[in-house]
Every structure is written in C-alpha cells, then in structure tokens.
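Asker: The structure is given below, and queries will be raised subsequently.
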Amino acid sequence: MNRWELCDDLGLIYVDHRVDSLVECFAPLTGWKKHFDMMVDFLENCVSQYRLLSNEIGIEVPVTEKSGSTPEVQTSLCEYAKDRFSALAKPLRESIRILCTHLPKGLITGNFGQMVTLYGLLGTFENLLSQRHVADEELEELFVQKDNYLEEVEGSQLHETRISSLEFLKSVCLSLGGLLPSSTNRSYLTEFCLNYSSLIFSTVSSSYDLHEVSMRPLDLLVIDEASQLKECESVIPMQLIAIQHAVLIGDECHPQARVKSRASDEAGFGRSLFERLSSFGHLRDLLNVQYRMHPDISSFPNQFFYKSQIMDASSVRDDDFQNNYQLGCMFGPYSFINISAGREELDEAGHSMQNMVEVAVVKAIVRKLYKAWEVSKYSLTIGILSPYCPSCCDRD
C-alpha cells in the first residue's frame with residue numbers, strides 16, 4: 001500500500017493511523033481501561049486518597065510531579081481534588097475521543113451516546129470544581145454521599161454531576177469490556193477494524209489484502225473510475241466472498257488504461273470491465289447534470305465529447321455564479337495555445353516528465369492576467385492544472 005502525504009481529515013480514516021491509535025488505547029497499563037478505572041477510583045475515594053497522602057507525608061500533599069521539576073504542594077482537599085481530577089481527566093478524554101473516532105460505529109452503537117455524554121460531564125465537573133469555593137468539610141460530604149439524593153446545599157450540582165459521571169463510567173466500562181479486544185497486536189487490530197467496518201475504501205490493487213482477512217462478507221462493491229481500469233484490476237475486488245451487487249462508475253470519454261506492450265494493447269488488455277459490459281449491451285445510466293463548471297466552459301466538452309447530453313445545474317446558471325471576463329482576446333472562457341517549441345524531458349529526480357517551455361508560457365500568461373486584474377474592479381482567482389498525459393506517464 002502506497003504511503004501518501006495525507007491531510008488531517010483523510011488521515012483519521014486511514015487504517016494504519018487507526019491501528020496506531022488503538023494500539024495505544026488498548027495498552028493494558030496505559031490504555032482506556034486504566035483511565036476509566038482510575039477516574040472511578042478517584043470519584044469514589046477522593047477523600048480517602050487525600051487522607052492517605054496526608055498521613056504519609058504530613059499535611060502537605062504533593063499532587064503531581066513532573067520530571068526535573070519540584071512537586072506541586074497543596075494543603076487542602078479542595079485544591080487536591082481540582083488538580084487530581086484535572087490530571088486524570090486529560091488522558092480519559094483522549095481515550096474517549098479515540099474510542100469514538102476509531103472504533104467502528106456498528107460495534108459501539110449503544111455506547112457512543114453514553115461516551116459523548118460522559119465527555120460533557122467531565123467538563124462540567126471540572127468547571128464546577130474550579131468555580132465553587134467549597135470548604136473541605138462540605139466537599140468531603142459531597143464526595144462521601146453515595147446516591148443522587150442530596151439536600152439543596154452549596155455544591156449539590158457538583159455532587160449530582162459526580163454521581164452521574166460514575167454511572168456512565170461504570171456502564172461504558174462494563175459494556176466495552178465485553179466487546180473490545182485486549183490484544184495490541186497490529187495485525188489482529190487491523191483485522192478487527194476491517195471486520196467491523198461498514199465502509200471500506202481501497203484502491204483496486206490494495207483490495208487484494210482483503211482476501212487474506214477473516215472478515216464479514218461485503219454486500220456491495222462500488223468501483224470508481226471503472227472505465228480507466230484494466231479488466232483484470234476490477235476483478236480483484238469482485239472476487240471477494242459474498243458480494244451481491246457491484247456498481248461501476250466511469251466515463252468512457254476519459255482515456256482508457258494504458259499498456260506498454262504492443263501485443264497486449266492489440267489483444268485488448270487495456271480494455272476495462274466497464275467497456276466490456278457496455279459492448280454486451282448492458283444498460284448504462286448517464287449522470288447528465290454537471291454542478292462544477294460555468295456554462296460557457298461546459299459547453300465545449302458537452303458538445304464535442306458528450307453529444308450535448310449534459311445539462312448545467314441551476315446552481316451554475318444562477319446570477320451569483322456569473323463570471324466577468326477581462327478585456328482581451330485571450331481572457332474569454334477558452335484560449336487554446338499551441339506550444340510548438342516545447343520539449344518533454346525527465347525532471348531532476350528522474351521520475352516525472354516536465355516541459356520547461358510550457359512552464360515559461362504559463363508564467364507569462366499569469367503575469368498578463370495579474371496586470372489586467374490590477375486595472376479592473378473584479379476579484380481574481382487563478383488555478384493552474386497540469387492535465388494527465390498517458391503517453392508521458394507510461395514511459396520508462
């Protein structure tokens with residue numbers, strides 16, 4: 001599987017990233033279960049923990065100690081409770097975030113809402129601890145009380161939030177304990193994620209790995225850009241067990257898959273499954289509304305490639321979508337410029353083709369656009385695209 005530079009949003013669903021997060025979250029000594037248990041112990045036994053520390057080291061109670069720093073010394077139960085809760089809540093919140101983000105939703109449907117509620121309760125409890133100035137005696141009573149009932153006294157909301165947090169902590173911990181694996185083996189967790197996922201995104205070649213995974217059968221297969229894939233490539237995911245339906249999405253006006261061997265090309269090895277099924281007379285559904293281009297731009301490909309079957313959506317025909325062209329013959333919806341003196345050559349890395357004459361022309365056009373924009377009253381945005389060139393990309 002290729003390694004790509006992924007944006008943050010895409011990285012969240014990348015299986016390797018999910019497994020990395022779950023390995024850390026399932027660690028027996030530092031994982032989610034440990035953080036849940038420690039918070040339960042604190043909310044139930046805060047007073048006894050404070051007294052134990054007080055008896056061991058005197059009235060001054062160190063709460064946290066960072067490497068190379070002096071321990072923070074607190075003298076009251078209230079200060080101890082604030083700092084101790086804050087120290088425990090941070091990794092607990094992170095565990096909840098990881099569980100809600102990286103566990104398959106089908107596995108934790110009954111617990112997802114509870115964890116979201118618990119996350120909010122932790123914030124409420126921390127705010128109440130920080131805002132209320134409760135005497136040690138009152139705070140001790142609030143922590144010792146075991147049920148929801150408490151007379152309307154200062155801090156009763158703090159007590160109710162503590163009891164509610166305990167209930168959710170214990171409920172979620174008990175439920176997830178019977179569902180989640182205790183293993184931190186990466187291969188096992190990869191299969192665990194795939195087995196419980198309702199949607200799996202993959203390239204057709206990478207889908208080969210799914211044949212080696214013990215997972216629930218997939219019902220539906222959707223292949224995008226199906227008209228640009230070799231038929232043998234589409235077959236890889238179609239051989240997954242128990243697939244009942246396959247949807248091929250493609251555009252026959254796009255270049256078909258390229259093969260370097262002339263014999264293979266003549267034998268039709270580059271033909272797609274999309275093309276084969278079309279040649280057998282299978283009906284195709286044309287998506288005949290485009291939502292991206294200004295009508296002045298869509299008219300050219302629509303007329304010359306799609307036999308004027310494509311309609312412009314109302315959103316691109318709306319007045320708000322109208323563009324104003326700069327003055328000059330090259331500033332209309334289209335300008336075709338033939339660069340006859342250009343020469344394609346390998347880049348410095350030796351992996352991609354480049355045409356430095358075309359680059360120079362593009363720079364000159366952008367400079368002209370900028371100068372024209374400077375004297376106009378319109379806003380300007382510029383996008384530069386380098387079209388895919390099969391003849392270049394297939395070279396050794």
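Asker: List every residue pair whose Cβ atoms sit under 8 Å apart, with the two residues 6 or more apart in sequence or on different chains, where the first one lies in the range 33-53 and is free of Cβ contacts under 8 Å to residues at least 24 places away in the same chain and under 21 Å from Ser95 (Cβ atoms) and the second, anywhere, is open to solvent by 20 Å² or more (accessible area, probe 1.4 Å) and not aliphatic (A, V, I, L, M).
Answerer: Lys34/Pro28; Asp41/Gln49
Asker: Of (1) over 29 Å from Val375 (Cβ atoms); (2) under 36 Å from the mean Cα position of the chain (by Cα); (3) in a loop (DSSP other than H, G, I, E, B); (4) not β-branched (Val, Ile, Thr), Asn302 satisfies all except one. Which?
Answerer: Of the numbered conditions (1) over 29 Å from Val375 (Cβ atoms); (2) under 36 Å from the mean Cα position of the chain (by Cα); (3) in a loop (DSSP other than H, G, I, E, B); (4) not β-branched (Val, Ile, Thr), the odd one out for Asn302 is (3).
Asker: Determine which single condition Leu92 fails, assuming it passes every other condition in (1) buried (at least 18 other Cβ atoms within 10 Å of the Cβ); (2) at pLDDT below 90; (3) within 28 Å of Asp16 (Cβ to Cβ).
Answerer: Only one criterion is unmet by Leu92, namely (2).
Asker: Using the structure shown, decide if Gly281 is more than 30 Å from Glu191 (Cα to Cα), more than 27 Å from the chain's Cα centre (by Cα), of a type in the set (Gly, Ala, Ser) and crowded, with 17+ Cβ neighbours inside 10 Å.
Answerer: No; evaluated as a whole, the condition is false for this residue.
Here's the yes/no breakdown for (1) surrounded by fewer than 18 Cβ atoms within 10 Å (Cβ to Cβ); (2) modelled with pLDDT of 85 or more; (3) more than 27 Å from Thr117 (Cα to Cα):
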{"position": "Thr30", "(1), (2), (3)": "yes, yes, no"}
{"position": "Phe36", "(1), (2), (3)": "no, yes, no"}
{"position": "Thr75", "(1), (2), (3)": "yes, no, yes"}
{"position": "Ala81", "(1), (2), (3)": "no, yes, no"}
{"position": "Ser86", "(1), (2), (3)": "yes, yes, no"}
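Asker: So how many residues does the range 195-237 have that are part of a helix (DSSP H, G or I) and open to solvent by 30 Å² or more (accessible area, probe 1.4 Å)?
Answerer: 12
Asker: Let me ask something additional. Say whether the condition of being within 30 Å of Ala246 (Cβ to Cβ) and either open to solvent by 60 Å² or more (accessible area, probe 1.4 Å) or assigned to a loop (DSSP other than H, G, I, E, B) (or both) is met by at least one residue in the range 313-326.
Answerer: Among the residues of the range 313-326, at least one is within 30 Å of Ala246 (Cβ to Cβ) and either open to solvent by 60 Å² or more (accessible area, probe 1.4 Å) or assigned to a loop (DSSP other than H, G, I, E, B) (or both), which makes the answer yes.
Asker: What are the pairs with Cβ atoms under 6 angstrom where one residue, in the range 197-222, is in contact (Cβ under 8 Å) with a residue 12 or more places away in the chain and over 16 Å from Gln244 (Cβ atoms) and the other, located anywhere, is among the charged types (D, E, K, R) and open to solvent by 60 Å² or more (accessible area, probe 1.4 Å)? Sequence gap at least six, or different chains.
Answerer: Every condition considered, the pairs that remain are Val213/Glu191.
Asker: Can you tell me how many residues within the range 155-192 are more than 28 Å from Asp16 (Cα to Cα), of a type outside the set (Ser, Thr, Tyr), touching a helix residue (DSSP H, G or I) at 6+ places or on another chain (Cβ under 8 Å) and open to solvent by 40 Å² or more (accessible area, probe 1.4 Å)?
Answerer: Going through the range 155-192 one residue at a time, the tally reaches 3.
Asker: While we're looking at this one, here's another question. Consider Ile365 against the criteria (1) assigned to a loop (DSSP other than H, G, I, E, B); (2) modelled with pLDDT of 80 or more; (3) more than 30 Å from Glu252 (Cα to Cα); (4) in contact with a Ser or Thr (Cβ under 9 Å, 6 or more places away or on another chain): it satisfies all of them except one. Which criterion is unmet?
Answerer: If we test Ile365 against (1) assigned to a loop (DSSP other than H, G, I, E, B); (2) modelled with pLDDT of 80 or more; (3) more than 30 Å from Glu252 (Cα to Cα); (4) in contact with a Ser or Thr (Cβ under 9 Å, 6 or more places away or on another chain), just (1) comes out false.
The values are calculated or read from the model by the stated rules, or taken from the named source; none is laboratory data. Bear in mind the structure is a predicted one, so any value in this text is a computation, not a measurement. Neighbour counts run over all protein chains shown; Cβ positions are idealised from the backbone, glycine included. When the accessible area is computed, the model is the full protein with side chains, heavy atoms only, and any ligands, DNA or RNA have been set aside. Shrake-Rupley method; radii C 1.70, N 1.55, O 1.52, S 1.80 Å.
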